[in-house]
1. Could you grab the pairs with beta carbons closer than 7 Å, sequence gap of 6+ or different chains, first residue in the stretch 82-103 and at negative phi, second one part of a loop (DSSP other than H, G, I, E, B) and of a type in the set (Phe, Trp, Tyr)?
2. Out of the residues in the stretch 62-103 that are aliphatic (A, V, I, L, M) and assigned to a loop (DSSP other than H, G, I, E, B), state the one that is nearest to Leu42 (Cα to Cα).
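Read-outs: derived from the displayed coordinates by stated rules, not from any lab. Because the structure is a prediction, the values reported are computed rather than measured. In this analysis, Cβ positions are derived from the backbone assuming ideal geometry, glycine residues included, and neighbour counts consider all displayed protein chains.
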Amino acid sequence: MNFLTVLLVSIFMSANAMAANFSCHGTEPFWGAKVSSETIELNGPDYENPAKIVVTSVSGASGMVDSFLRVYSNKNGPIAIITSNKCDNGMSDETFPHEIILFTDSETLYGCCE
């Protein structure tokens, strides 16, 4: 492979890693979220109506592999961070491949994703 081919494959893999969709959930309070590169849909018993948050960009962090850490942002700044750290929700014996920190207007939520 030549340099250009390697560069194009690297760019494609990086963009593809950023485009992943996630199904996330948390406990205390109980909540669920569907995360994509365009929206985060947050719902749960503590929310009267599901909240649909528009995502305007997904990026990695400087010095980290893009697929390890994803930062979802909108015009107001970061709204969610998903990492490839293994996650245990504390209520089951199940381990999930990703963890999320989700920032809402009133609280910061922590949970697991797959």
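1. Final answer for the pair search is Thr83/Phe68; Ser84/Phe68.
2. Just the residues of the stretch 62-103 that are aliphatic (A, V, I, L, M), to begin with: 64-65, 69, 71, 79-82, 91, 100-102.
Now drop any that are not assigned to a loop (DSSP other than H, G, I, E, B), which leaves 64-65, 91.
Details: Met64: 27, Val65: 27, Met91: 20 Å.
Only one residue fits best here, namely Met91.
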